[in-house]
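Structure, as structure tokens:
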Amino acid sequence: MNGTDRLFDLGYAERILPALLHASVYTILITLVGFAIALALGLVFAVLRRSPIKPVSYTVTFIVEFIRSTPLLIQVYVIFYVLPVYGITMSALTAGTIGIALHYACYTSEVYRAGLNCVARGQWEAACALSLSPWRTYRSIVLPQAIRPVIPALGNYLVAMFKDTPVLSAITVVELMQQAKNIGSETFRYLEPITLAGVFFLIISVSFAALVRRVERAVRLP
């Protein structure tokens, strides 16, 4: 191989750009769907951990800590390769999205829990004095106060989830990084696809971070 073979080939990069763009859109969709599930499920976990019913709170606590303490790679392997043994079969895309959503739901639940713990005890007591139902207490009084200050932390997990999507290639999900590796293995030129994938990850991550900052400013109290 001569020196020129190692230089960045702009023509080749232009030819592979559409495939990487398509994969990047695919990766963004996985991230957004997975994060939406993680936000909703994480909130459920956080509320259930505060349940006065001890078996419920202990069970949810165990599930959250177990998932947080094991690698995402193992979890998606179990969902995609082990569950079919017990009759639960799903596509690689579905398994990957569920796996990454469940993994990050446990992290977002800790963020929510921190926000809930910061709500003044007097707020809970006032709601109880007014005979508000638990649902109305959470919806109208507690959650608006708890979620606003933790938006930056939740946004960090959005970016982290996006950067963790290459893990899903282990179960044959062709996301951005896997597409770059596939192109490299076909042409034996990895510089251009890997570099472009890195640039896409950087641009999209920065865009997600900017979006989170806009949301934070929009909900900030005067």
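Observations on the structure shown:
- Taking a ≥ b ≥ c as the square roots of the eigenvalues of the Cα gyration tensor, segment 115-222 is classed as prolate, since a/c reaches at least 1.5 and a/b is larger than b/c.
- Under the Karplus curve 6.51 cos²θ - 1.76 cosθ + 1.60, θ = phi - 60°, whole-Hz ³J(HN,Hα) for segment 19-36, x wherever Gly or Pro sits: 5, 6, 5, 4, 5, 5, 5, 4, 5, 4, 5, 4, 5, 5, 5, x, 6, 4
- Projected label distance in nm at Leu32 and Arg217, using a 7 Å step from Cα toward the beta-carbon: 2.1 nm
- Here r is the Cβ-Cβ distance between Val25 and Tyr77 and R0 is 25 Å; the resulting FRET efficiency, rounded to 0.05, is 0.45.
- Net charge, Ala127 excluded, C-beta distance under 12 Å - Lys, Arg +1, Asp, Glu -1: +2
- Along the chain, longest interval not containing exposed chymotrypsin sites (Phe, Trp or Tyr not before Pro), exposed being DSSP loop plus at most 12 other Cβ atoms within 10 Å: 9-187
- Relative contact order computed over the chain (Cα-Cα under 8 Å; 6+ residues apart), in percent: 28 percent
- With Cα atoms defining each centre, segment 107-185 and segment 203-222 are spaced 15 Å apart in the structure.
- Prolate/oblate/rounded label for segment 14-219 (Cα gyration tensor, a/c 1.5): oblate
- Dipole magnitude of the chain, debye to nearest 20 (Cβ charges: Lys/Arg +1, Asp/Glu -1, about Cα centre): 980 debye
Computed from the coordinates by the stated procedures, all read-outs in this text should not be read as laboratory data. It should be emphasised that the depicted structure is a prediction, and the values quoted were computed from it without experimental measurement. Reconstructed Cβ throughout: ideal geometry from the backbone, glycine too, with neighbour counts over all protein chains shown.
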